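Structure first, commentary second.
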Amino acid sequence: FVQISSTQCQHFKKRALKVKEDLESAVPGVSVIINPEKPRRGCLEIREEGGEVFMSLLNMPRPFTAMKKLDMDEVIQDIVKKIS
């Protein structure tokens, strides 16, 4: 299982859905859950259930520059390498 915590803001939601779709396509049998718990404000975190944190951006102020600068394809490729 891979968990993604993010807020419901469209900037976060768009990235979370991309990660979910791309990981589930790239890694057979992987299950991606978005917001298994109430999301924290201004946070984008991708982690293995009960394990490794793959990417974590916490308490970002608007306009979420750190998240917007991420190359999500690169982030996803790194995660795929770690869980394959």
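What to note about this one:
- On inspection, Lys18 passes the criterion of being surrounded by 14 or more Cβ atoms within 10 Å (Cβ to Cβ), over 12 Å from Val80 (Cα atoms) and not small (Gly, Ala, Ser).
- For Ser6, the conditions (1) modelled with pLDDT of 85 or more; (2) buried (at least 16 other Cβ atoms within 10 Å of the Cβ) all hold with the exception of (1).
- Single match in Pro39, Pro28 (criterion: at pLDDT below 90 and more than 11 Å from the chain's Cα centre (by Cα)): Pro39
- Any hit, the range 57-68, residues being in contact (Cβ under 8 Å) with a residue 40 or more places away in the chain, assigned to a loop (DSSP other than H, G, I, E, B), crowded, with 16+ Cβ neighbours inside 10 Å and at positive phi: yes
- Check on Glu52, within 12 Å of the chain's Cα centre (by Cα), of a type outside the set (A, V, I, L, M), modelled with pLDDT of 85 or more and more than 19 Å from Lys14 (Cβ to Cβ): no
- Restricting the range 26-49 to residues that are without any contact (Cβ under 8 Å) to a residue 40 or more places away in the chain and farther than 20 Å from His11 by Cα leaves a set whose member that is surrounded by the most Cβ atoms within 10 Å (Cβ to Cβ) is Ser31.
The values are calculated or read from the model by the stated rules, or taken from the named source; none is laboratory data. Because the structure is predicted, anything quoted here is derived from the model rather than measured. Because the Cβ atoms are built from the backbone with ideal geometry, glycine has one as well, and the counts that use them run over all protein chains shown.
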